[in-house]
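Enquirer: Here's a structure for you.
The values are calculated or read from the model by the stated rules, or taken from the named source; none is laboratory data. Computed from a predicted structure; not experimentally measured. Backbone-built Cβ (ideal geometry, glycine too); neighbour counts: all protein chains shown. Just the protein is used for accessible areas: all its heavy atoms, side chains included, with ligands, DNA and RNA removed. Shrake-Rupley method; radii C 1.70, N 1.55, O 1.52, S 1.80 Å.
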Amino acid sequence: MKATAYPDAVALGLFVSRLEAVCDEMGAVLRNTALSPNIRDRRDFSCAVFDATGSLCAQAAHIPVHLGSMAFAMADLVGRLDWADGDMVIVNDPFLGGTHLPDVTMIAPVFISGALVAFVANRAHHADIGATAPGSMPLSRSLSEEGVVIEPRHLLRGDQIDRSRLAQIVGSTRNPDHAHGDFFAQISANRAGRERLSELVQGQGRNAFREGLTALNDYGERLARAALAEIPNGIYCCTDLMDDDGQGHLNIAIRVTLKVRDGSIDCDFSDTAAAVDGNLNCPLAVAAAAVFYCFRCLMPPQTPACAGSLRPIRLQAPAGCLVNARRPAAVAAGNVETSTRIVDAVLGALAPALPGRIPAASHGSMNNLAIGGWIADGDGKGAWDYYETIGGGMGAGATGGGLSAVQTHMTNTLNTPVEVIESRFPLRVARYALRRGSGGAGNRPGGDGLVREFECLAPAHVTLIGERRLHPPWGLAGGRDGSPGAQWLNGRPVPGKIALELSAGDHLCIATPGGGGYGEAGTRK
């Protein structure tokens, strides 16, 4: 095999780009072969490459909460299993490397001449994973209510699919045909990634590939430490509040203490609230994803997404607290809502340390809508499940106002197009518009939220899980708070976390929060 060294930045840059291209191609295969709108149209999936020990090497620009949690948990996960060429493992257990049950991960090893050299992995959100409510985002009190729990198990051996295991998983869903198709899309994505990564390693040689990974991680660490060294040494604290857990617990505190010393960060959640009865709890991997994201935003754009760039960051959270929950705690909303509030808390702590660099709070919720039911079709009865995260206003910063009607921070999905919703589900989109004036006022105004109104054309069960309904997104440096979110059923206000039975003709309207403003109005220079 040829040996390729990395004597300069150009060679290393090409190496990084080729690894990222593997992830991009995996994402394209997954998107183009999936059946569900949640994966195909909303693009609620992520792809990454890991080395032979499970350390992150590269990722595509997909979903931060997926990618950061995989980076945190993959080494432990792959160390639990024996691997052979042609294997593929499936897992969604939040306490064994997952996030919440709808996010199903597929992992495939890459062998060259009998030697394990790397892993490729993808994680995709399945709108139905067999929960007690359609959309698999119920107002749950335990993990068992949230769907089928898949411990790390081989789905393929020797590139042959375990049909009985796959049938057992998809048989737990309301629409096995769609689930079957989406799982095969994930398998296809990993096969594409495995093939492309094998070509890369064989073209360079195993030794050169390992040298490239070492250089990549060292470079990432240098960039990370240089960026984080710009934060003045000190201790910085912030408390932010979750509205409620849907089970009667209000004003749930996330408290973070950052200890900064010469480019190293200790992030401590020791004073955060205990785990709650509802599903706002999250495994430590989800909390780590939010923390990694915040500090990655402070690094130069060219910083590679690799294990080296995460080395300066350490995380501490006591077992049993909201952000390091124990089995069998409910976690469905921890991945989507609590992760977002962790971002607000960390950025709030950094704001006094880095004046002018930290923006006001964004809308602070994924504004989850899960809806589904049964409709008559030519064969009798058919099930449908629709899941959506709805964008809102971005927080403003010192150099510009916040964007309107966008996904922010821990998610990076698209909306489901109106045409797809109305052609695939018994729903009509009655209104889809900017929520004018919902962004916080200021020298730089926060972005506006969205209004999305649905008319139900058939009986359905709906679950809403939204945050920033009681505690609005905060402004910064004198800027005003963004407007809190709200929702109505047939014009009647309903809580931000609620399960509802809808009849044909009912209208459900969701207004998402605006982003916080930055600076006092009228002070722009």
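Enquirer: Quick one: what Rg and Dmax do you get for segment 318-370 from the alpha carbons, in Å?
Expert: Cα radius of gyration and Dmax of segment 318-370 are 13.8, 42 Å respectively.
Enquirer: In addition: On the full set of protein chains, 1.4 Å probe, figure out the accessible area of Ser270 and give it in Å² to the nearest 10.
Expert: Result for Ser270: roughly 50 Å² accessible.
Enquirer: Further question on the same structure: Can you give me the relative contact order of the chain as a percent, contacts being Cα pairs under 8 Å and 6 or more apart? Intermediate values should be presented prior to the final figure.
Expert: Values: 1479 pairs, mean separation 74.8, N = 525.
Relative contact order for the chain comes out at 14 percent.
Enquirer: Another question about this same structure. Suppose only helical runs count, i.e. DSSP H with n ≥ 4. What mean residue ellipticity at 222 nm does that imply for the chain under -39500 (n - 2.57) per run, divided by all residues and rounded to the nearest 500 deg cm²/dmol?
Expert: -8500 deg cm²/dmol
Enquirer: Antiparallel DSSP bridges in the chain: what percent, to the nearest 5?
Expert: 95
Enquirer: Grab the other residues whose beta carbon is less than 12 angstrom from that of Pro359, score K and R as +1, D and E as -1, and report the net.
Expert: Taking every Cβ under 12 Å from that of Pro359, the sum is +1.
Enquirer: Which Cα, out of Val201, Pro94, Gly397, lies furthest along the positive dipole direction of the chain (beta carbon charges, K/R +1, D/E -1)?
Expert: In the chain, that residue is Gly397.
Enquirer: In whole Å, what are the Cα extents of segment 96-162 along the three principal axes, biggest one first?
Expert: Its Cα atoms span 49, 21, 17 Å along the three principal axes.
Enquirer: Next up: Given a 1.4 Å probe, how much area per residue of segment 201-347 is accessible, in Å²?
Expert: For segment 201-347, the solvent-accessible area averages 35 Å² per residue.
Enquirer: Right, here's the next one. Among Gln186, Ser172, Leu143, which residue has its Cα positioned farthest towards the positive end of the charge dipole of segment 87-215, with +1 placed on the Cβ of Lys and Arg, -1 on the Cβ of Asp and Glu, and the dipole taken about the Cα centre?
Expert: Gln186
Enquirer: Right, another one. Relative to the present Cα-Cα distance, how much length would full extension add between Ala521 and Asn251 at 0.36 nm per residue of separation?
Expert: 94.2 nm
Enquirer: Here is a further query. Expressed as a whole number of Å, what is the distance separating the alpha-carbon centroids of segment 458-507 and segment 188-258?
Expert: 32
Enquirer: If you take every DSSP beta bridge fully contained in segment 440-525, what fraction is antiparallel? Give it as a percent rounded to 5.
Expert: If I count the DSSP bridges inside segment 440-525, around 95 percent turn out antiparallel.
Enquirer: With an 8 Å Cα cut-off and a minimum separation of 6 or more residues, compute the relative contact order for segment 171-292 in percent.
Expert: Answer for segment 171-292 is 16 percent.
Enquirer: Mind putting together the pair-distance distribution for segment 169-210? All Cα pairs, 5 Å bins, whole percent per bin, short to long.
Expert: 5, 22, 15, 13, 11, 9, 8, 8, 7, 1
Enquirer: Same structure again: From the P(r) of segment 381-525, can you give the percent of Cα pairs sitting at distances over 19 Å?
Expert: I get 54 percent for the Cα pairs in segment 381-525 exceeding 19 Å.
Enquirer: Taking Cα extents along the principal axes in Å straight from the coordinates, which label in [x] 81, 60, 44; [y] 140, 99, 31; [z] 69, 66, 39 is the correct one?
Expert: [z]
Enquirer: Please identify the helices of the chain, taking whole runs of DSSP H, that span at least 30 Å along their own axis as judged from the Cα atoms and have a mean Kyte-Doolittle score of 0.0 or higher.
Expert: Passing helices, by number: 9-33.
Enquirer: Here is a follow-up. For segment 402-430 and segment 77-121, what is the separation of their C-alpha centers, rounded to whole Å?
Expert: Centre-to-centre distance over Cα atoms comes out at 31 Å.
Enquirer: Shifting gears a bit: Can you figure out the FRET efficiency of Ile161 with Ala28, using R₀ = 25 Å and their beta-carbon distance, to the nearest 0.05?
Expert: 0.70
Enquirer: Excluding Val420 itself, what net charge comes from residues whose Cβ is under 12 Å from its Cβ, given Lys and Arg +1 and Asp and Glu -1?
Expert: Charge balance near Val420 sits at -1.
Enquirer: Could you compute the net charge surrounding Leu156? Neighbours are other residues with a C-beta less than 12 Å from the C-beta of Leu156; K and R count +1, D and E count -1.
Expert: On the way: positive: Arg153, Arg157, Arg163, Arg165, Arg191, Arg194; negative: Asp85, Asp87, Asp159, Asp162.
Around Leu156, the charge tally is +2.
Enquirer: Another question, if that's okay. If you take the Cα Rg of segment 142-251 and divide it by 2.2 N^0.38 Å, with N the number of residues, what do you get?
Expert: Taking the Cα Rg and dividing by 2.2 N^0.38 Å, one obtains 1.75.
Enquirer: Something else: Could you order the peptides 448-458, 201-211, 324-334, 157-167 from most to least packed, using the average number of other C-beta atoms within 10 Å per residue?
Expert: 324-334, 448-458, 201-211, 157-167
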